[in-house]
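Only one structure is covered here, and it is reproduced in the block below.
The values are calculated or read from the model by the stated rules, or taken from the named source; none is laboratory data. In this text, all values refer to a predicted model and were calculated from it rather than measured experimentally. Virtual Cβ from ideal backbone geometry, glycine too; neighbours counted across all protein chains shown.
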Amino acid sequence: MNRWLILAASSAFVAVAMGAFGAHGLAGSIDEHALEVFKTGAQYQMYHALALLALGPATAKNPAHAIIPGYAFVAGTVLFSGSLYLLAITGAKWLGAVTPLGGIAFMVGWAALAYLALSQKSRARG
């Protein structure tokens, strides 16, 4: 079982569904700013679903290396995209405080992936 492929496919599915819901289900029922917030959530969810998709092959030699970036991307998706979806729909302003935590999780994932790539390069030379 490839957990990253399952998570990637599931997240991409939800991103497409949320994008369609935003475009067709929410248009006209929330203001333009809220709709843009919702779309941003769907975009970032798809970006990170694709990152999860690439994580499996990128860490095929040592799957344990995918744990930090993978779960950081998942946490980022839940916190960042999830908070934006809820903020747009409910207008609950306190959710705006959650969104940056998701952004930090995304950055941790990308930094961990960069560190992994750099450490593999230096091991190959050494």
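Data for the structure
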quantity: Qualifying residue in region 69-83 (condition: outside any helix (DSSP H, G or I), buried (at least 17 other Cβ atoms within 10 Å of the Cβ) and at pLDDT 95 or above); calculated: no
quantity: Residue within region 34-47 that is surrounded by 19 or more Cβ atoms within 10 Å (Cβ to Cβ), at pLDDT below 95 and part of a helix (DSSP H, G or I) present; calculated: no
quantity: Selection status of Gly102, under 19 Å from Ser11 (Cβ atoms), at pLDDT 95 or above and either not in a helix (DSSP H, G or I) or not aliphatic (A, V, I, L, M) (or both); calculated: yes
quantity: Whichever residue in region 46-59 is without any contact (Cβ under 8 Å) to a residue 12 or more places away in the chain and over 9 Å from the mean Cα position of the chain (by Cα) and, among such residues, is nearest to Gly102 (Cα to Cα); calculated: Ala54
quantity: Sole exception among (1) surrounded by 13 or more Cβ atoms within 10 Å (Cβ to Cβ); (2) among the small types (Gly, Ala, Ser); (3) within 17 Å of Leu52 (Cα to Cα) for Ala88, by number; calculated: (3)
quantity: Residue pairs meeting the criteria (Cβ under 6 Å; at least 6 apart or on separate chains; first more than 9 Å from Ala88 (Cβ to Cβ) and touching a residue at least 40 places away in the same chain (Cβ under 8 Å), in region 21-45; second hydroxyl-bearing (Ser, Thr, Tyr) and in a helix (DSSP H, G or I)); calculated: Tyr44/Ser81
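Residues checked against (1) hydrophobic (A, V, I, L, M, F, W, C); (2) over 24 Å from Arg3 (Cβ atoms); (3) surrounded by fewer than 17 Cβ atoms within 10 Å (Cβ to Cβ):
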position	(1), (2), (3)
Pro57	no, no, yes
Pro63	no, no, yes
Ile67	yes, no, yes
Gly96	no, yes, yes
Leu101	yes, no, yes
Ile104	yes, no, yes
Trp110	yes, no, yes
Leu113	yes, no, no
